[in-house]
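What follows is a short report on a single structure.
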Amino acid sequence: MADGAVKSSTREFDVVVVGAGFSGLYMLHRLRGLGFSVRVYEAGDGVGGTWYWNRYPGARVDIESMEYSYSFSPDLADEWEWSERYASQPELLRYLNHVADRFDLRPDIQLNTRVTAARFDEASMRWNLKTSTGESISAKFCVMATGCLSIPKAPEFPGVENFKGATYSTSSWPKDGVDFTGMRVGVIGTGSSAIQSIPMIAAQAAHLTVFQRTPNFSVPAHNGPIDPALVEDWKEHREQYKDEARAAGFGIRMVEESTQTALEVSEDERRDVYETRWNRGGFALIGAYSDLIADKAANDTAVAFVAEKIASIVKDPKVADILTPKTYPIATKRLCVDTGYYATFNRDNVTLVDVGAAPIEAVTPTGLKTARAQYELDAIVFAIGFDAMTGALTGIDIRGRGGVSMKQKWAEGPKTYLGLMVCGFPNLFTVTGPGSPSVLCNMAVAIEQHVDWITDCISYLSDRQVGAIEATSGAEAEWVAHVNEVADGTLFPHANSWYMGANVPGKPRVFMPYIGGFPVYREKCEEVAAKGYEGFALTSAAHAS
Ligand code: FAD
Ligand code: NAP
């Protein structure tokens, strides 16, 4: 194994990990535990990934804290105490910093360093990387823990640079926070980030104007202090609950996925079930029936239920109507989980503007101009989302065999085998890459499964003196076809979502995550490994020069 020493001007490692979020931290811990030399490179000036960058007011997890936690260390789980049912961003960031300290990860993490290029050298079977700080690194393996939602979309509005007020992006919020007191604020977007921040900004600003292009479905979180009885129960049944989460389609135990279909029960019964789950909060609603994401008629019943809820909360019927989604099935865009979102539109200082009907034309020096009117603003908040799933990978100049770039390879949409590796890019792993359950799953569960699989794989290869592992083109093609086939059997492709790449102008429309369910996927990964990495080509280290 390499020792991480500086050789000429190039540093050498067994493994380079890019990104120090939930994925990168655990990846480092696992690999270092097996004696590999590892270095993590992180663009930010702190660890935590998503929870480092997204500091907007109201940011919190939409899966209950007890489930959105690492499960690999019972000691960590025992000593860490979540204060709320849905942890807030500051608490999540403290948790990830605690993990970095507790497992002494910091010495092997280099902050403020963006990996800009990675090139596979076919002769030595190693990756050569370049960083924004001008460093050269050589590693046998490269693990991209770069995140599915880590590259913000650029504001695509003419005139932004001429705006005289302040602009903010939810995905790179100032560390010291923002005081909107007395200001006229505009928020562009109504995805999860906006839906969490809008009630908070409305409570502080003199006036808030929300610019909505497409309404989203949102369900209440019913957040509050964590129930000590729940914590005790988890402590007692931790292993059982971990297994139950991994056996659930979305990797979330608390959703309680029903096996009943929506139309096999009476309307009254269905209403009661939806009401109970609405009152429980969070994603419980989509677990109500097994066919909600596959059958349009079933889905329509949940759509109607949420529409009624919006109408019952929002006092102005016209505003309620604009807030009600009508063009896509529920849950085919990420379901939002909120605290007081719809009720915020009852405030006198909040205005909703339908920019689906009259699009934003420009940012002006004093505000924002739509096809219908000019809005005077002191500050604009962009909550416009991410170049999801592929943006972080195509943003690095990654070149595999024959100098082919990842960008070229994915020009028509991402192609991977299991969301873990890409044909033509040996020894390069992607944590929660496209083609894996990733964002359709509790990410804590998805990340641990990927990191464990990658660790086992690297260990296997090392024990057997394997120089390179690479997805075969056949296995990759079959997996891509399977991912598409499964998606086509659901309602997901009916929405213009970021899952489809539809939020970024010019991005190919391909459903990117795997919707076959986490347990099915996990079993497939285990089977592949048990069969000596079926679908992968292994090359002996003796072939390296
Ligand atoms: P990230 O946390 O995104 O970390 C990736 C890191 O890689 C970043 O720090 C980034 O700076 C770094 N990086 C990227 N490219 C480079 C490069 N070229 N060089 C160096 N560093 C680089 N998931 C859930 O399951 N439940 C939730 O409730 C939930 N809430 C979310 C809320 C928000 C606001 C967002 C944006 C996402 C949320 N997610 C949620 C998804 C979330 O991204 C994952 O849960 C998880 O945090 C991902 O961890 P990660 O380490 O894989 O990626
Ligand atoms: P998003 O869901 O992609 O929402 C972006 C919003 O901006 C959408 O309403 C979009 O409208 C709008 N928008 C984008 N470009 C626009 C334009 N040119 N003009 C007008 N409107 C525009 O992004 P996000 O809210 O940051 O969330 C991304 C994902 O991160 C979520 O889906 C979720 O997975 C995760 N997340 C989770 C939480 C949580 O609750 N824990 C919080 C935040 C984020 P259109 O719909 O019309 O494109």
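May I ask you to list the trypsin sites (Lys or Arg not before Pro) in the range 101-189 that are in a DSSP loop and have at most 10 other Cβ atoms within 10 Å of their Cβ? Filter output for the range 101-189: LYS164, LYS175.
For TYR168, nonlocal amide neighbours, meaning residues 5 or more places apart or on other chains whose placed amide H falls under 5 Å from its own, are ILE380, VAL381, PHE382. For the chain, the membrane-span-like helices by this rule, meaning whole DSSP H stretches whose C-alpha atoms cover at least 15 Å of axis and whose Kyte-Doolittle mean is -0.5 or above, are 22-33, 192-204, 296-313, 443-463, 473-488, 518-530; this says nothing about an actual membrane.
Converting phi to 3J(HN,Hα) with the Karplus coefficients 6.51, -1.76 and 1.60 and the offset θ = phi - 60°, the range 70-79 yields 5, 10, 6, 10, x, 5, 4, 4, 5, 8 Hz in sequence order, with x at every glycine or proline. Separation of the range 520-538 from the range 176-237 is 41 Å, based on Cα centroids. Computed on the range 69-115, the Cα convex hull volume stands at 108 Å³ per residue.
Computed from phi, the 3J(HN,Hα) profile of the range 145-162 under the Karplus parametrisation 6.51, -1.76, 1.60 (θ = phi - 60°) reads 10, 8, x, 7, 9, 10, 10, x, 5, 6, x, 9, 10, x, x, 3, 5, 8 Hz, with x in place of Gly and Pro. The order of the peptides 18-31, 264-277 by mean Cβ neighbours within 10 Å, most packed first, is 18-31, 264-277.
Semi-axes of the equivalent ellipsoid of the range 330-400 are 30, 21, 12 Å, computed as sqrt(5λ) over the eigenvalues of the C-alpha gyration tensor in descending order. Size descriptors for the range 376-480: radius of gyration and Dmax over Cα atoms are 16.6, 66 Å.
Counting only lysines at least 8 places from LYS409 when in the same chain, those with an alpha carbon closer than 18 Å to its own are LYS507. Scattering from the range 1-154 was approximated by placing one identical point on each alpha carbon and applying the Debye formula without solvent; log10 I(q)/I(0) at 0.09, 0.11, 0.14 1/Å stands at -0.31, -0.46, -0.71.
Taking Cα centre as origin and charging only the Cβ of basic (Lys, Arg, +1) and acidic (Asp, Glu, -1) residues, the dipole magnitude of the chain rounds to 1840 debye. For the pairs LYS175/LYS415; LYS333/LYS407; LYS175/LYS326, note any where the Cα-Cα span goes beyond 31 Å. Where the Cα-Cα span goes over 31 Å, the pairs concerned are LYS175/LYS415; LYS175/LYS326.
Amide H to amide H distances under 5 Å link PHE536 with THR472, where only residues 5 or more positions off or on other chains count and H is placed in the peptide plane.
Comparing ALA481, ILE330, VAL99 along the charge dipole axis of the chain, the residue lying farthest to the positive side is ALA481, per the Cβ-charge model. Taking the Cα centre of the range 273-335 as reference, the dipole from Cβ charges on Lys and Arg (+1) and Asp and Glu (-1) amounts to some 240 debye. Distance between the modelled labels on GLU264 and ALA541, one decimal in nanometres: 5.4 nm (7 Å Cα→Cβ projection). Straight-line reach from LYS369: taking Cα to Cα under 25 Å and skipping same-chain neighbours fewer than 8 places apart, the lysines in range are LYS153, LYS164, LYS318. Among SER88, SER197, the ranking by other beta carbons within 10 Å of each residue's beta carbon, starting with the fewest, stands as SER88, SER197.
Between ASP243 and ALA206, the contour length at 0.36 nm per residue exceeds the alpha carbon distance by 8.5 nm. One way to sum up the overall shape of the range 414-466 is the equivalent ellipsoid from its Cα gyration tensor, whose semi-axes run 21, 15, 5 Å, largest first. For a modelled paramagnetic label at ASP488, 7 Å from Cα along Cα-to-Cβ, the residues of the range 499-520 in reach, with backbone nitrogen under 17 Å, are 500, 509-516.
Look at ARG238, ARG509 and count the other Cβ atoms within 10 Å of each Cβ; fewest to most, that gives ARG509, ARG238.
Binning the alpha carbon pair distances of the chain at 20 angstrom intervals from zero yields the distribution 21, 55, 23, 1, expressed in whole percent. Divide the volume of the convex hull around the Cα atoms of the range 91-155 by the residue count and you get 141 Å³ per residue.
Taking 0.36 nm per residue of separation and subtracting the current Cα-Cα distance, fully stretching the chain between LEU111 and GLU523 would add 144.8 nm.
For the range 286-291, the Karplus equation 6.51 cos²θ - 1.76 cosθ + 1.60, evaluated at θ = phi - 60°, returns couplings of 6, x, 4, 9, 6, 10 Hz by residue, with Gly and Pro reported as x. Distant-in-sequence amide contacts of SER136, defined by a placed amide H-H separation under 5 Å and a gap of 5 or more residues or a different chain, comprise ARG11.
Here, the range 366-408 has an Rg and a Dmax of 19.0, 54 Å when only alpha carbons are counted.
Dividing the Cα radius of gyration of the range 262-417 by its Kirkwood radius returns 1.08 for Rg/Rh.
Readers should treat all values here as calculations from the given coordinates under stated rules, not as data from a laboratory. Keep in mind the model is a prediction, meaning the values are calculated, not measured. All Cβ positions, glycine included, derive from the backbone under ideal geometry; neighbour counts span all protein chains shown.
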